[in-house]
Amino acid sequence: MKRILLTIIVLISALYGRSQKTEFTNAMSEALGQFAQCKTIEDFQSTGNQFARIAGAEKSEWLPLYYHAECYIIMSFMEPSDAAKKDSYVDIAEQSVNKMLELAPKESEAYTLQSMMYSARLVVDPMSRGQKFGMLSAQAIGTALGLEPDNPRAKFTKLRNDMGAAQFFGKDPNDYCPQARELLKSWDNYKVKSPLYPSWGKDQLEELIKECK
């Protein structure tokens, strides 16, 4: 009798766990669909808040934190002129980035996003912040590539950082165009781990290559 009860408990637990996972996947898929349609700061804020709600309900999952932070990083880049607003958006993103790294300390994608976050800090005031946040961004992307050398988003982020630094110091960013073309050729060789994982970057790389001379 005890064995039958134990079996029933195990089955119920398994079914409950599977149901929770399905709810998480459905919620994330819906939010990602909304994310793909974002065009304005308000759109990204609304979608970011949706990811925040998922993160609050699924405290062991790092992906909703990733997308919440990504929304606010994008908002910072989109803000046209208000430095205080730019920083306030990154402040919110940084909280999620820190929690995400606690949950996923071996995820290349997490450090790639951290690098983007530091770049968002840098562009608020490049003259005074360039050295500090340029170094932090480089360290984060170095960690990302160390964990997963073939990650195209990590490669693209490093390439974009290098081109930005070249332009800032008066060098020719077009020197990096051959690397950009090679990265585009190999982009589709990388297989994303799941439909919920980050998959951005190829479109941005193609746009970058169009600007190459």
Worksheet item: Out of (1) within 25 Å of SER88 (Cβ to Cβ); (2) surrounded by 20 or more Cβ atoms within 10 Å (Cβ to Cβ); (3) outside the structural domain of PHE51 (by TED's automatic domain parsing), the odd one out for PHE156 is which?
Response: (1)
Worksheet item: In segment 122-141, which residues are over 18 Å from the mean Cα position of the chain (by Cα) and among the aliphatic types (A, V, I, L, M)?
Response: VAL124, MET127, MET135
Worksheet item: If SER96 passes every condition in (1) surrounded by fewer than 19 Cβ atoms within 10 Å (Cβ to Cβ); (2) assigned by TED's automatic domain parsing to the domain that holds SER81; (3) touching a helix residue (DSSP H, G or I) at 6+ places or on another chain (Cβ under 6 Å); (4) polar (S, T, N, Q) but one, which one does it miss?
Response: (1)
Item to complete: Could you identify the single residue in TYR66, TYR118, TYR72 that is outside the structural domain of PHE35 (by TED's automatic domain parsing) and within 23 Å of SER199 (Cβ to Cβ)?
Response: TYR118
Worksheet item: Out of the residues in segment 56-83 that are buried (at least 22 other Cβ atoms within 10 Å of the Cβ) and among the small types (Gly, Ala, Ser), which is farthest from SER115 (Cα to Cα)?
Response: SER76
Worksheet item: Restricting attention to segment 182-207, and to residues there that are surrounded by fewer than 13 Cβ atoms within 10 Å (Cβ to Cβ) and among the charged types (D, E, K, R), which single residue is nearest to TYR66 (Cα to Cα)?
Response: LYS193
Item to complete: Please determine, by comparing only the residues of segment 121-150 that are among the hydrophobic types (A, V, I, L, M, F, W, C) and farther than 23 Å from PRO80 by Cβ, which one is surrounded by the most Cβ atoms within 10 Å (Cβ to Cβ).
Response: ILE141
Worksheet item: Which one of SER115, SER76, SER108, SER96 is over 12 Å from the mean Cα position of the chain (by Cα), among the hydroxyl-bearing types (Ser, Thr, Tyr) and under 23 Å from GLY48 (Cβ atoms)?
Response: SER76
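Rundown of residues vs (1) closer than 23 Å to ALA36 by Cα; (2) surrounded by 15 or more Cβ atoms within 10 Å (Cβ to Cβ), yes/no style:
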{"residue": "SER119", "(1), (2)": "yes, yes"}
{"residue": "PRO152", "(1), (2)": "yes, yes"}
{"residue": "GLY164", "(1), (2)": "no, yes"}
{"residue": "PRO173", "(1), (2)": "no, yes"}
{"residue": "ALA180", "(1), (2)": "no, yes"}
{"residue": "ILE209", "(1), (2)": "yes, no"}
Worksheet item: Where residues in segment 28-44 are of a type outside the set (Asp, Glu) and surrounded by fewer than 17 Cβ atoms within 10 Å (Cβ to Cβ), which of them is farthest from CYS71 (Cα to Cα)?
Response: SER29
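The values are calculated or read from the model by the stated rules, or taken from the named source; none is laboratory data. These numbers were taken from a predicted model, which means no experiment stands behind them. All Cβ positions, even for glycine, are placed from backbone atoms using ideal geometry, and neighbour counts span all protein chains on display.
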